[in-house]
Structures are given as C-alpha cells and as structure tokens.
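Down below is the structure, laid out as structure tokens.
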Amino acid sequence: MMKRNLTTHHSATLSAMERQEEDEDRVKLFGFWSSPYVYKVEWALRIKGIQYDYIEENLENKSDQLLEYNPVHKKVPVLIYQGKPIAESEVILEFIDEAWKHHGDRILPEDPYDRAMARFWVRFGKDTLSPPIWKWFTTQGQEQEAAYAAAVEQLQILEKELDGKRFFAGEKMGLVDLSLGPFSYIIPIYEEITGVKLIKEEKLPSLLAWMDNFLNSSIVREHLPPMDKLKLRCQAIREAFLKNTN
Amino acid sequence: MWASPMAIRVEWALRLKGVEYEYVDEDLGNKSEALLRYNPVTKKIPVLVDDGKPIAESTIIVEYIDETWKDGYPLMPADPYERAQARFWARFAEDKCNAALYPIFVTTGEAQRKVVHEAQQCLKTLETALKGKKFFGGDNVGYLDIIVGWFAHWLPLIEEVSGASVVTDEELPLMKAWFDRFLAVDVIKAALPDRDRLLALNKARREQLVSSA
C-alpha cells in the first residue's frame, strides 16, 4: 500500500548536504482531496511503484510553495521531481511514464499510432465529453435536458471505442483509463444527486462494465476519495450553480 | 485547408523530417466523404493519413510524426522534464492564448483594447519560455515552435485586419524577435499560405463578424 506521508525522518548521521540531496530526490505531489486530476497522478505513481510525499493544499489559501511551483495556473496537481515542478495532469502522466520508463507497467503504448490514439481519446474526454456532463450536472430544465442528450451522444462514441474491452488500453489499464477513470465514481454521484441515470445498461453496457473494472482494479480500489464527503461537496456545487442562474 | 494554422503545424513537422506527403485541401463548408470517414468523431482538419491509418488533432499529429520518423530531425527534446515543459506550454498556448486572440478579431474600440491587453498578458506568460533562447526548442526549431509558430504569420495579419497592436517591441520584445527568426527558417517559410490571399480572407471574415455583433 502506497504511503502518503507528510514528513520523512532522516538519520541524525546524514550530513546537511546529503539531507538536502535526499530531500530534493524525493518525489512530491501537491494535491487536494477531491480533485480527480490529483487522483489520476496518484494512480499513475502507484502503477510505477513510486513513493512520494503528498502535500494537501487548501485551495482557498494556497501555499507560497504551490504558487512558486505553478505560477501560471496556481492549481493542483503539481509533481516535484528532483526539485523541479511539472503541472497539468495530462503532462504529468506522460512524464511519469517517461521518467520511470523501466518501472512497473507502461502507461502509454509503445507503438506511435497507438500512442496517438490514446492521446486523441484523452483530448476527447477533456474537450468533448466533460463539458456536456458538467453542464448536465450544473443546470436544470431545458438546458439540462439538452446537455444530457449531448453527453449521451458523446458517451455512445466512447462506448463504440471501448467495444467490450476490459480497459480502453486492453487487458491492463493505460493513459485513457486513468484520464477518464474519475468518471467511474463521479457519474454515479451525479446520478444520485440529480436523480437521473446517465449511463444506462441498455445503451452503454461496455462503459458500465468498464466503470466496474476500473473501480475494482487493485490500483484504484486502494486509493479513492472519501465518497460521502465528495457527494456533499458535489451537492453544494450543484446548488451554488443553480442559485447563480436564478 | 489552405488557411488553417493547425494544418500548417503538420506541414512544418513533415517538412522538417523530410517526409514526402500528398496535400488534400478541404472545403470546410462541404467536407469530403474521405474526411468524414477518416475523422468521424470531430470531423475536423488536419487529419494525417499514414499508410491508411488516420490521426487527428494537430498537436497529437506532430508528436506522432516525431515518434514515427524518430531518426530524422528531432522535434521534441530528449529529456523527460524538457518534454514535459514543451507539452505544458503547448497546452497553455492552445487553451489560453488561442482563446485570448480570437476576441481581438471580433471587437472594436474600447472592447478591443481590453481584450488586446488580456491577450498580451497571456503572450507575456508564454514568452517566459523563450528567455535566453533563440527558439522555444533552444538553438533550433522544435515542437513548441511548431505549435506556437502560426502566431508569427497570422498575428501581424490579424493586427492589420482588426486595427490592433498586440506584439510590439515594448510589450513583447522576445516574442517579436522570435517571430522574425522563426519566419526566416527556410522550411517554415516554404509552407506559409500566401499573405495577400490570407489577408483578403480575414478582412472579409472580420467585416462579417463585426457587422453581425
């Protein structure tokens, strides 16, 4: 089970320089308990068997360190490797695969065409699938109905791509699975809150099975956000959005 | 499509690698059956077809080209951290800067002044990736130059068409100098769409957009 410690205890006999070097060598991750982007990175680190120090950020009062490491976006996740920061979860996932190429399983496939396809579906998830799902969750009435229809349309495209495979990457999970993975617990939460089913067995059987495969995989089931707390947070978000439009 | 900055990226990458290719111009108002078959998901150009296999999304295509013709001119840096930086800035340019530029094209007066300022802030952030270097890729043109490069040819044109002043020596000296260096590279110059033709197209488009706003 991967550790998520905030401190490392050094031997008293290490010199100051050795301690600084050791400290710089430690992989660090700045995160937030509810961020799906942070979880993607954590699952990737687990696939590679990489130990890391986790730093929980208060997004309403961001640390000086975070602002120094990610001045452009000021967001989490940020991975620190040998003292140098990497931001943006998509970028971090590819970095993890390359920096620890010979550790654990590959996250991206070897073949250039397959790599391009994986990257395409990640982009699809972000640019084409996420917006209508978010819109569906944060609106009501006609606007919500339209978003629901758009979301189902994009999910059907994804269903076709998955085509009964265990994971998008095949027998083992890969980049696309990690990238879309948070949907496997977020969508059921959204369905519970809105009282509407988005992923129906009759229409999207492969996706439904994939969500199960993903959540039950050894990497993911040992590291998921606290669901009750997350559901309350999502509920509050929906309420805030509905309030703003009234 | 001859006037598409996204398609140009792919041509630059292929040319730097010395890869021969057949160019098929699409009429975006009447997309070919082939395009819709090769890219049914987003139906957009550019699409590269290599040995019958289609790849869409210009940033993805450029990486594909680099990985497939890996013994040719290197587009991405070799070091994983440098590669991460290149991808990070490419995402930033795509997601933030592109979105910041379009409003300049469709606004006038005070509204335009406001969006020009915002675009400049975005470009100033991007400019930090150029500090101390000839190109984003270092001594030579690389992946990030290819992704951001369209600014060099299109931005001065957008400025002319919309009467705005964005990339100036005072506001963005590094970027301006890079524009000149980038456009002077033979391979880059060779693939640029005709400026007059592009100017006429964008002048017409702006008139249409501003009048309907």
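Here chain B is scanned for GluC sites (Glu not before Pro) in DSSP loops (not H, G, I, E, B) that have at most 11 other Cβ atoms within 10 Å, and the longest stretch holding none of them is B:23-169.
About the centre of its Cα atoms, the protein assembly as shown shows a dipole size close to 760 debye [charges on the beta carbon of Lys, Arg (+1) and Asp, Glu (-1) only; nearest 20 debye].
The A:Ala146 and A:Val196 beta-carbon pair, evaluated with R₀ = 22 Å, returns a calculated FRET efficiency of approximately 0.95.
Hey, for a label at B:His117 modelled as a point 7 Å past Cα toward Cβ, could you say which residues of region B:169-193 have their backbone N under 16 Å away? What the label zone holds, given the 16 Å backbone N cut-off, is B:171. Ordering B:Leu101, B:Ala7, B:Leu130 by the projection of their Cα atoms onto the charge dipole of chain B, which places +1 on the Cβ of Lys and Arg and -1 on the Cβ of Asp and Glu, puts B:Leu101 at the extreme positive end. With every protein chain in place and a 1.4 angstrom probe, the accessible-area ranking of A:Arg221, B:Arg15, largest first, reads A:Arg221, B:Arg15.
Assuming a viscosity of 0.890 mPa s and a temperature of 25 °C, what translational diffusion coefficient in µm² per second does Stokes-Einstein assign to the protein assembly as shown, Rh being the Kirkwood radius over Cα pairs? Could you put the intermediate results ahead of the total?
Details: Rh = 24.2 Å.
Stokes-Einstein gives a translational diffusion coefficient of 101 µm²/s.
Given a 1.4 Å probe and the protein chains as shown, B:Asp186 ends up with an accessible area of around 110 Å². Along the charge dipole of region A:91-202, Cβ charges K/R +1 and D/E -1, which of A:Val176, A:Thr194, A:Gly141 sits furthest on the positive end? Working it through, the farthest residue towards the positive pole turns out to be A:Val176. Here the relative contact order of region B:1-84, from alpha carbon pairs under 8 Å that lie six or more residues apart, stands at 29 percent. Put a dot 7 Å past the Cα of B:Ser32, heading toward its Cβ, do the same for B:Leu209, and the two dots end up 2.7 nm apart.
Extension gain, B:Val41-B:Arg181: 0.36 nm per intervening residue step, less the Cα-Cα distance, totals 46.7 nm. Accessible area ranking (1.4 Å probe, heavy atoms, ligands and nucleic acids excluded), largest first, for A:Ile55, A:Ile96: A:Ile55, A:Ile96. Could you tell me whether region A:28-90 comes out rounded, prolate or oblate from its Cα gyration tensor? Rule is a ≥ b ≥ c as square roots of the eigenvalues, rounded for a/c under 1.5, then prolate if a/b exceeds b/c, otherwise oblate. Verdict is prolate for region A:28-90.
Sparsely packed loop sites in region B:60-114 (the trypsin sites (Lys or Arg not before Pro) outside DSSP H, G, I, E and B with at most 16 other Cβ atoms within 10 Å) comprise B:Lys70. Check the straight Cα-Cα distances from B:Lys124 and name the lysines below 17 Å, setting aside those fewer than 8 residues away within the same chain. Within reach: A:Lys74, B:Lys96, B:Lys114, B:Lys133, B:Lys134, B:Lys176. Only helices enter this figure: runs of n ≥ 4 DSSP H residues, each worth -39500 (n - 2.57), summed and divided by the residues of the protein assembly as shown, yield -17500 deg cm²/dmol at 222 nm to the nearest 500.
Would you tally the net charge around B:Ala90, using a Cβ to Cβ cut-off of less than 13 Å, leaving B:Ala90 out, and scoring K and R as +1, D and E as -1? Mind dumping the intermediate values first?
Working: positive: A:Arg119, A:Arg123, B:Arg9, B:Arg83, B:Arg87, B:Arg91, B:Lys96; negative: A:Glu88, A:Glu90, A:Glu94, B:Glu57, B:Glu63, B:Asp66, B:Glu82, B:Glu94, B:Asp95, B:Asp145.
Within the 13 Å Cβ shell, the charges total -3.
Can you pull out the trypsin sites (Lys or Arg not before Pro) in region B:37-68 whose DSSP state is coil and whose Cβ has at most 15 other Cβ atoms within 10 Å? In loop regions of region B:37-68 (DSSP not H, G, I, E or B), the sparsely surrounded trypsin sites (Lys or Arg not before Pro) are B:Lys43. A Cβ-based charge dipole, computed about the Cα centre of chain A with Lys and Arg at +1 and Asp and Glu at -1, lands at about 380 debye.
So for region B:75-202, averaging the separation of alpha carbon pairs under 8 Å that are six or more residues apart and normalising by length, what relative contact order in percent results?
Numbers: 113 pairs, mean separation 33.4, N = 128.
Value for region B:75-202: 26 percent.
Counting only protein heavy atoms and using a 1.4 Å probe, the accessible area of A:Tyr39 comes to about 10 Å². Across region B:189-197, computed HN-Hα scalar couplings (Karplus, 6.51 cos²θ - 1.76 cosθ + 1.60, θ = phi - 60°) run 4, 5, 9, 6, x, 4, 5, 4, 5 Hz from first to last residue, x flagging Gly and Pro.
Which GluC sites (Glu not before Pro) in region A:138-246 sit in a loop by DSSP (not H, G, I, E or B) and have at most 10 other Cβ atoms within 10 Å of their own Cβ? Don't skip to the end; give the middle numbers.
On the way: sites: A:Glu143, A:Glu145, A:Glu153, A:Glu159, A:Glu161, A:Glu171, A:Glu191, A:Glu192, A:Glu201, A:Glu202, A:Glu222, A:Glu239; in loops: A:Glu171, A:Glu201, A:Glu202, A:Glu222.
Sites meeting the loop and neighbour criteria: A:Glu171, A:Glu201, A:Glu202.
Convex hull volume per residue, computed on the Cα atoms of region B:74-148, equals 82 Å³. Sequence-distant contacts, meaning Cα pairs under 8 Å at least 6 residues apart, place the relative contact order of region A:38-137 at 25 percent.
Note down the net charge around A:Glu60, summing +1 for each Lys or Arg and -1 for each Asp or Glu among other residues with Cβ under 14 Å from its Cβ. Provide the component values of the computation, followed by the final result.
Details: positive: A:Lys62, A:Lys74, A:Lys75, A:Arg233; negative: A:Glu56, A:Glu57.
Its environment carries a net charge of +2.
What the pair-distance distribution of chain A shows, using all Cα-Cα distances binned every 10 Å from zero, is 7, 28, 34, 22, 7, 2, 0 percent.
The values are calculated or read from the model by the stated rules, or taken from the named source; none is laboratory data. Since the structure is predicted, the reported quantities are computational estimates derived from the model, not experimental observations. Virtual Cβ from ideal backbone geometry, glycine too; neighbours counted across all protein chains shown. In case anyone asks, the SASA skips ligands and DNA or RNA and just uses the protein heavy atoms, side chains included. Shrake-Rupley method; radii C 1.70, N 1.55, O 1.52, S 1.80 Å.
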